[in-house]
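Some notes on the structure that comes next.
Derivation of every value follows stated rules applied to the coordinates shown; laboratory data play no part. Bear in mind that the values here come from a model prediction, so they are computed numbers and not experimental data. Positions of Cβ are backbone-derived with ideal geometry, glycine not excepted, and every protein chain shown enters the neighbour counts.
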Amino acid sequence: MDSGCWIRCLSINLRRNSLVHIAAAVLLTLLVPVLFSISALPESLAAQPLEMYLPLTGMVLLVPVILPEQDKAVLETVRSRRTEQLSIYIMRILYSAAVIAVLYTAVVLLMRYKESDIPLYMIAGGTAGALFTGALGFAAACTANNAIAGYMVSMFYYLLNYTAGSRLGRFYLFSVTTGADISKWWLAAGALILTAAGLAVMKLTRRI
């Protein structure tokens, strides 16, 4: 497709398929100052909303990537077009990831403005956690061909961080909050692998 066609495709997907999910993620983010103190906090406390709450934006934005095609009529219409569905999924994933990064950036900058000790690298670390949480659900949704299953898996993993804690090892979300020395790169790598695996499952089972 030419660039004009991609722009039209992006516009249609944002308006028809993703706008409500983006709005939900923005609403979750706007609640941060309501649910958490954000002023003059040390790093461990400043990390709480980034690690213990905002990862839900990953579930809200990434799991629904396959949702429109859950409707068989929509799926048949999509299959009749020239655009490969895999490309559409990748586009949705990329702009959803961009929205997550923007939301984390906004929260970190606000907390720094409020004189909290929150380093800029927490934007990347927090975004990685949200992407991993969402990618788990996305992979599950692709495997089960059911978005509800994806939401359940993402939520189970999120809650498991509260119950299992650091026993999750390298995939523990709350590492900065609890002082655990765990690199966020594992979450970023896991998100990439899970996303690729989900897309591969969809491709191999000829659903895209």
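Quick one: angle between helix 147-163 and the longest Cα principal axis of the chain, in degrees between 0 and 90, rounded to 10, please.
For helix 147-163, the angle is close to 10 degrees.
Among Gly150, Leu50, Leu187, which residue has its Cα positioned farthest towards the positive end of the charge dipole of the chain, with +1 placed on the Cβ of Lys and Arg, -1 on the Cβ of Asp and Glu, and the dipole taken about the Cα centre?
Of the listed residues, the answer is Gly150.
In sequence order, what are the phi-derived ³J(HN,Hα) couplings for the range 53-69 according to the Karplus relation 6.51 cos²θ - 1.76 cosθ + 1.60 with θ = phi - 60°, rounded to whole Hz, with x for glycine and proline?
These are the phi-based 3J(HN,Hα) values: 9, 5, x, 4, 5, x, 5, 5, 9, 8, 4, x, 3, 9, 4, x, 7 Hz.
GNM on the chain, C-alpha springs below 10 Å: top fluctuator among Arg112, Arg15, Arg170?
Of the options given, Arg15 has the highest mean-square fluctuation.
Using only Cα atoms and rounding to the nearest 10 degrees, what angle (0 to 90) does helix 85-113 make with the longest principal axis of the chain?
Value to nearest ten degrees: 20.
Suppose the chain between Ala106 and Trp6 were pulled fully straight at 0.36 nm per residue; how much longer would it get relative to their current alpha carbon spacing?
Length gained, Ala106 through Trp6: 33.2 nm.
Taking only Cα atoms, what is the 0 to 90° angle, nearest 10, from helix 19-30's long axis to the longest principal axis of the chain?
That helix lies at roughly 0 degrees to the long axis.
Determine, at each q value in 0.16, 0.19, 0.25 (inverse angstroms), the log₁₀ of I(q)/I(0) that the Debye formula gives when each Cα of the range 147-203 is one equal point scatterer.
-0.58, -0.77, -1.07
Figure the gain on full extension for Arg167 and Ala189 (residue separation times 0.36 nm, minus the Cα-Cα span) and round it to one decimal in nm.
Computed gain between Arg167 and Ala189 is 6.0 nm.
Bin by bin, in steps of 5 Å, what percent of the Cα pairs in the chain do you find, going until the bin that has the longest distance?
Histogramming the chain at 5 Å steps yields 1, 8, 15, 20, 18, 15, 10, 7, 4, 2, 0, 0 percent.
Listed highest first by mean packing, meaning other Cβ atoms within 10 Å per residue, what order do 130-136, 7-13, 114-120 come in?
130-136, 114-120, 7-13
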